[in-house]
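Asker: This structure is in structure tokens; I'll ask about it shortly.
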Amino acid sequence: MRVGIIGFMHESNTFANTTLNRQHFEEAFFHFGEDLIPIWEDAHHELGGFITGCREHQLEIVPLLAAWATPGGMLEDDAYESILTDILESIQDAGPLDGVLVALHGAMVTPTFPSADGETITRIRACIGDEIPLILSLDMHGNISTPMVEMPDVTIAYKSYPHIDQRERGIDCARILGQILRGEISPHQAHVKMPLLIHIVQQFTGDGAMREIMKAVEEFEAFPFVISTSVLPGYIYADVPDMGVSVIVVMDDAADLVLPHAEGLADLIWSKRAALNAALPSVAEAVALSQNFEGTVCLMDSGDNIGGGGPGDSTIIFKALLEANSPAICVVLYDPACAQYCAEKGLGSTVQLEVGAKTDHEHGSPIAIEGEIITIHDGHFIEPEPRHGGTRDYNQGLSAVIKTVDGHTVVVNSLRVMPTSIEQLNSLNIDPREHHAIIVKGVTAPRAAYDPIADKVICVDSPGVTRAGPESFTYKRRPKPLFPLDN
Ligand SMILES: [Zn+2]
């Protein structure tokens, strides 16, 4: 049984002031055929799960193409078409396939396609024909459009946020495909789109209402005939007609039960809508709160959430902490020009820099610092543990660490990287525990990395293109009504 493996993943923030091109994928992950195996097979990612699952279930792996880029603005039309063309050509060149496993994000947007993933899966289905089983895996932050559940035989999303179950879900996909190919199951799936948004912080599955919902999902999955149950909180930073929470239930041979099951779960989620949209402290409140704690406090910069498309160079929380005379601050800022300048000055040099806030005017203004360059690094590091995003090999580009005259640690790097691995700091010889306040450019995704070193985590309602609540955005294409915007 020959199984094609495809990955084409991007989360596109339509409020970001940048766009993405093919080079962004080539700088991150872009691999054809067998080249994708060594990159992904050990990663805690669904592509690693596809590979391992196929091996476990005696399915022959036919690696086709895997492309992934750091979340950012919309993907440009010509980049989208060129990568999709590569995917479709790789299918045509692969010879006869018995099944296909596809990993998409679910919130990819191009100027032409508000649901680029819906378009991708439609064209993959058209390319392989109606008879070949097609399994789609998605990020929980997918804004589900109809083709994403109508084109595949089975659609499965992650169950944890931070996303630490990606590999497991990929293994599920391969197992289910094997069962279909052996004629053991006949899946039916139903999708309920809810008139609901969930606050990004309340999407954390380790606590609160989301934890209760995911526990209910686990219980649903124990029912006879249930193959898979997914709850997707969706992605509030893409202004698209398919915004909102989705429930997808997949059952074996129980076509009449599958929709009622999905609706039952949707009713449970709706009953928790108030708790799913609780507010966060402002920057000023969060800074004041941080000063009440001894030890290491992580301030999650929700407005500059790189995993949601933030620029990674906001100085808003940094400035507020400096003004409050907070001791031992640590911040990583995307600032390629400063990183390059430091590399040219050399290790041990004293520099005066204006760091951060250069991508646009929505994330503060550059901050003047003076200090010694204590580390210069090429930016490559490895994360061996399961962490959000499932990446093992990271690259933050040329990076420098400046120890400022007032005792703070400022990292300037050259590639935007989600702060989902504490190795981002360790690899630069930074001990996070020596700091009182660490500014982390994310909300929930970094928690698997930062919870173990933090005495306190504060999620901050900071301004920016990924501000935590939906109320601060002007949507033009979203569906109506949507709780909490229309209530
Ligand atoms: Zn996600």
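Asker: Tell me the strands (runs of 3 or more DSSP E) entirely within region 390-487 that contain at least 2 residues that are of a type in the set (A, V, I, L, M, F, W, C).
Answerer: Per the criteria, 399-404, 409-413, 437-440, 456-460.
Asker: Which one of the conditions (1) away from the ligand (no atom under 16 Å from the Cβ); (2) surrounded by fewer than 22 Cβ atoms within 10 Å (Cβ to Cβ) does Ser160 fail to meet, given that it meets all the rest?
Answerer: Exception for Ser160: condition (1).
Asker: Among the residues of region 218-243, write down those that are of a type outside the set (S, T, N, Q) and without any contact (Cβ under 8 Å) to a residue 60 or more places away in the chain.
Answerer: Glu218, Glu219, Phe220, Glu221, Ala222, Phe223, Pro224, Phe225, Val226 - these are the residues of region 218-243 that are of a type outside the set (S, T, N, Q) and without any contact (Cβ under 8 Å) to a residue 60 or more places away in the chain.
Asker: Do any residues in region 264-277 that are touching a residue at least 24 places away in the same chain (Cβ under 8 Å) and closer than 14 Å to Val231 by Cα have Cβ atoms under 8 Å from those of residues that are surrounded by 14 or more Cβ atoms within 10 Å (Cβ to Cβ) and among the hydroxyl-bearing types (Ser, Thr, Tyr), where the two are at least six apart or on different chains, and which pairs are they?
Answerer: Leu265/Thr229
Asker: What about His388, is it at pLDDT below 95, more than 16 Å from the ligand (Cβ to nearest atom) and not aliphatic (A, V, I, L, M)?
Answerer: In short, no.
Yes or no, residue by residue, for (1) surrounded by fewer than 23 Cβ atoms within 10 Å (Cβ to Cβ); (2) away from the ligand (no atom under 16 Å from the Cβ); (3) assigned by TED's automatic domain parsing to the domain that holds Thr359; (4) closer than 20 Å to Gly390 by Cβ:
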{"position": "Met9", "(1), (2), (3), (4)": "no, no, no, yes"}
{"position": "Thr19", "(1), (2), (3), (4)": "yes, yes, no, no"}
{"position": "Arg22", "(1), (2), (3), (4)": "yes, yes, no, no"}
{"position": "His31", "(1), (2), (3), (4)": "yes, yes, no, yes"}
{"position": "Asp35", "(1), (2), (3), (4)": "yes, yes, no, yes"}
{"position": "Pro38", "(1), (2), (3), (4)": "yes, yes, no, yes"}
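Asker: Where residues in region 321-338 are under 27 Å from the mean Cα position of the chain (by Cα) and surrounded by fewer than 24 Cβ atoms within 10 Å (Cβ to Cβ), which of them is farthest from the ligand (Cβ to nearest atom)?
Answerer: Ala337
Asker: Scan region 217-236 and tell me whether some residue there is in contact with a Ser or Thr (Cβ under 6 Å, 6 or more places away or on another chain), modelled with pLDDT of 95 or more and not assigned by TED's automatic domain parsing to the domain that holds His388.
Answerer: yes
Asker: Follow-up question, since we're still on this one. Among what's in region 106-117 and is surrounded by fewer than 24 Cβ atoms within 10 Å (Cβ to Cβ) and of a type outside the set (A, V, I, L, M, F, W, C), pick the residue that is nearest to Leu232 (Cα to Cα).
Answerer: Top of the filtered list is Pro114.
Asker: Can you give me the ranges of the helices (runs of 4 or more DSSP H) entirely in region 114-214 with at least 3 residues that are more than 18 Å from Val249 (Cβ to Cβ)?
Answerer: In region 114-214, the matching helices (runs of 4 or more DSSP H) lie at 116-128, 166-181.
Asker: Tell me the residue from Leu276, Leu280, Leu299 that is assigned to a loop (DSSP other than H, G, I, E, B) and buried (at least 21 other Cβ atoms within 10 Å of the Cβ), please.
Answerer: Leu280
Asker: Does region 120-147 hold any residues that are within 15 Å of the ligand (Cβ to nearest atom), touching an Asp or Glu at 6+ places or on another chain (Cβ under 6 Å) and closer than 24 Å to Asp98 by Cα, and which are they?
Answerer: Once the filter is applied, which keeps residues that are within 15 Å of the ligand (Cβ to nearest atom), touching an Asp or Glu at 6+ places or on another chain (Cβ under 6 Å) and closer than 24 Å to Asp98 by Cα, region 120-147 yields only Ser137.
Asker: Another question about this same structure. If you go through region 84-114 one residue at a time, how many are away from the ligand (no atom under 16 Å from the Cβ) and either among the basic types (Lys, Arg) or in contact (Cβ under 8 Å) with a residue 12 or more places away in the chain (or both)?
Answerer: 21
Asker: For residues in region 43-58 being assigned to a loop (DSSP other than H, G, I, E, B) and within 10 Å of Gly170 (Cα to Cα), which is farthest from the chain's Cα centre (by Cα)?
Answerer: His44
For (1) small (Gly, Ala, Ser); (2) at positive phi, each residue gets a yes or a no:
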residue: Thr229; (1), (2): no, no
residue: Ser246; (1), (2): yes, no
residue: Gly309; (1), (2): yes, yes
residue: Ala337; (1), (2): yes, no
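Asker: Kindly evaluate Asp304 against the criterion of being buried (at least 23 other Cβ atoms within 10 Å of the Cβ), outside the structural domain of Ala209 (by TED's automatic domain parsing) and in contact with a Leu (Cβ under 9 Å, 6 or more places away or on another chain).
Answerer: no
The values are calculated or read from the model by the stated rules, or taken from the named source; none is laboratory data. Treat the numbers as computed from the prediction; the structure is a model and nothing was measured. Note: ideal-geometry Cβ built from the backbone for every residue, glycine included; neighbour counts use all protein chains shown.
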